[in-house]
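The numbers here are math on the coordinates, done by the rules we state, and not lab data. Here the structure is a predicted model, which is why all the values come from computation and not from measurement. Cβ: placed from backbone, ideal geometry, glycine included. Neighbour counts: every protein chain shown.
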Amino acid sequence: DLLDLPVNTIMADLLKKGILATVNQTIDPEIAMEIAEEHGFLAELKSEEEVVESKIETQLEEEDKENLVERPPVVVVMGHVDHGKTTLLDTIRKTDVAAREKGGITQHIGAYKIKLKNGKEITFLDTPGHEAFTTLRARGSKVADVAVLVVAADDGVRPQTVEAINHAKSAELPIVVAINKIDKPGADPERVKRELSQYELIPEEWGGDTIMVPVSAKTGQNLDELLENILLVSEILDLKANPNKPAVGTIIESKLDKQRGPVATVLVQNGTLKIGDYFVAGMTWGKVRAMFDERGKNVKEAMPGTPVEILGFQEVPQSGDGFVVMKSEKDARTLAEQRKQKYEEQLLAKKARLRLEALEGAKEINVIIKADVQGSLEAIKKTLEELSEKFEDVSINIIHAGLGGITESDVMLAAASDAIIIGFNVRPDATARNAAEEEGVQIKTYGIIYDIIEDLEKALKGMLEPEY
Ligand code: GDP
């Protein structure tokens, strides 16, 4: 169809290459590219994630400007454990002015949308912490628009605060800081500001550009101000979508329900999702049989920026899977089946992707460093910077550096940012090892700094073009 050639011509071309293909057969992408080129077309190979992403993008580009309407921002809440993420999400949810008209009882479906007094809406991802968010990113989906960083005013910046900052930065999300627990006697918001300024988060009153709102998630103090500031930051992003289209989105959460079968929450990112729509989600497909909002209420359609729980999947999709409405049942089923076929191949390719040894051609190495003590961490950081200077054409980017063992969260960040993990006198735990295996992330552990340099130098030399 794309080449505008009779099907027989393509079949004959394939036959010349020794492939006897039927009309609806899947062929190797390399072969497809060769054939396109033979007919004067330039074909580009894209991953499944890129296709979904570019589908969202081109959809937006091609929109009639008139069709575009404002959509609510999607917010992720991150921060150190016990700093009040869950409490904040719970209290914010209670501020929903539309709650009464919606009725029903609050359900956890992985995300919720609230309406403010001024009529504006905000969607919150309802799984606090950066782990879930990073899992979504590792699958290639861009879901959140703004990050709220929760820092307890009686505790200050802690290791997971720093991790959260790095996760938000790596996803290029604007950060709004909620300095929490200001109702507590020991609260010291000024200290939090001082500590955060060491991580390039400078409050506005000190001449920086980071909005920091002192709040109490427990009493609800200043939450209005926090929400208004989230909207302020979102307005600059100019978030728009076209509701007059078939829906495109991302799976936020999924489960197998004993009574209802496979259930998943989709965040609709463009278009409008309707009952009866056929869709493909990752390697599975289905037909929207029923949709529910975050109060368990039946809904008939879901607009851009809205999370809905859906029934009608053939199998349970994975969170992070792209969700695309298809023209027909046949299209949806065929695409899902083709993806499944390719899955094994893709998995193998993915595993090979990040091998240090296979870095040839890359001009950047992203690394995550974990070490046992601060002294070693600093020494390794310094060494890598020196190494980066020595090899002019190649840069080593330190995505995250922290103390302690290698965790699943490190692995997911590595997968999301195409990084390798370097552990110094620390090891991955079992979950991290499994995740690394699954995501094709390479973990290298060392006990001597010199060995790190030697390995990286070798890799970097392999990457550099030879000079004569
Ligand atoms: P998370 O681990 O970041 O999700 O933190 P939680 O929301 O579970 O909060 C941890 C503890 O701090 C709980 O006992 C909360 O009741 C308490 N907490 C959270 N926010 C506040 C607050 O603004 N003020 C006070 N005094 N306690 C809070």
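With a 10 Å radius around each residue's Cβ, average the other Cβ atoms per peptide and rank 24-34, 301-311, highest first.
Answer by packing, highest mean first, reads 301-311, 24-34.
Could you list, in their original order, any pairs among K117/K184; K113/K142; K94/K255 whose Cα atoms are separated by more than 23 Å?
Result: K117/K184; K94/K255 exceed 23 Å.
Taking R0 as 25 Å, what's the FRET efficiency between T445 and S395 from their Cβ-Cβ distance, rounded to 0.05?
0.60
Report the net charge of residues surrounding P246, where surrounding means a beta-carbon distance below 9 angstrom and charges are Lys +1, Arg +1, Asp -1, Glu -1. If you can, show how the numbers build up before the last one.
Working: positive: K245, K274, K327; negative: D277.
Here the count lands on +2.
Give the separation of the Cα centroids, the range 223-293 to the range 13-39, in Å.
37
Which order results if D155, D1 are arranged by neighbouring Cβ count within 10 Å, fewest first?
Lowest count first: D1, D155.
Quick one: putting +1 on the C-beta of Lys and Arg, -1 on the C-beta of Asp and Glu, what dipole do you get for the chain around its Cα centre, in Debye to the nearest 20?
In debye, rounded to 20, the chain gives about 2080.
Among I230, G220, P246, which residue has its Cα furthest toward the positive end of the charge dipole of the range 210-255, with +1 on Lys/Arg Cβ and -1 on Asp/Glu Cβ?
Of the candidates, P246 comes out farthest on the positive side.
Using a Förster distance of 60 angstrom, determine the FRET efficiency expected from the C-beta separation of D188 and K342, and round it to 0.05.
Details: r = 54 Å, r/R0 = 0.91.
The value I calculate is 0.65.
Counting helices only, and only those DSSP H runs with n ≥ 4, report the 222 nm mean residue ellipticity of the chain as the sum of -39,500 (n - 2.57) divided by its residues, in deg cm²/dmol to the nearest 500.
Details: 14 runs with 170 residues, N = 468.
Taken over the chain, the calculation gives -11500 deg cm²/dmol.
Counting pairs of Cα atoms in the range 192-315, how many percent are more than 21 Å apart?
55
Would you mind estimating how fast the range 370-442 diffuses translationally, via Stokes-Einstein at 4 °C and 1.567 mPa s with the Kirkwood radius over Cα pairs, in µm²/s?
Details: Rh = 12.8 Å.
Calculated translational D: 101 µm²/s.
Just name one of G375, G261, L116: the one whose Cα is farthest towards the positive end of the charge dipole of the chain (beta-carbon charges, Lys/Arg +1, Asp/Glu -1).
Going by the charge dipole, the pick is G261.
How many percent of the alpha carbon pairs in the chain exceed a separation of 35 Å?
Everything past 35 Å amounts to 40 percent.
Principal axis extents for the range 403-446, Cα atoms only, whole Å, descending order, please.
23, 18, 14
Sorting K300, K218 on the 10 Å Cβ count, fewest up front, what's the list?
Sorted ascending by nearby Cβ count, the order is K300, K218.
Work out from phi, with θ = phi - 60° and the Karplus expression 6.51 cos²θ - 1.76 cosθ + 1.60, the ³J(HN,Hα) of each residue of the range 400-413, listed in order in whole Hz, and give x for Gly and Pro.
7, 9, x, 9, x, x, 7, 10, 4, 4, 4, 5, 5, 5
In nm, to one decimal, how far is the M33 label point from the K17 one, both placed 7 Å along Cα→Cβ?
So the two model labels end up 1.1 nm from each other.
Less than 15 Å Cβ to Cβ from L223, Lys/Arg counted +1 and Asp/Glu -1: what total charge do the surrounding residues give?
In short, +2.
Would you mind ranking F391, F41, F124 by Cβ crowding within 10 Å, fewest neighbours first?
F41, F391, F124
Using the Cα atoms of the range 102-250 to build a convex hull, what is its mean projected area in square nanometres? Numbers along the way, then the final one.
Working: hull surface 42.7 nm².
Averaged projected hull area, Cα only: 10.7 nm².
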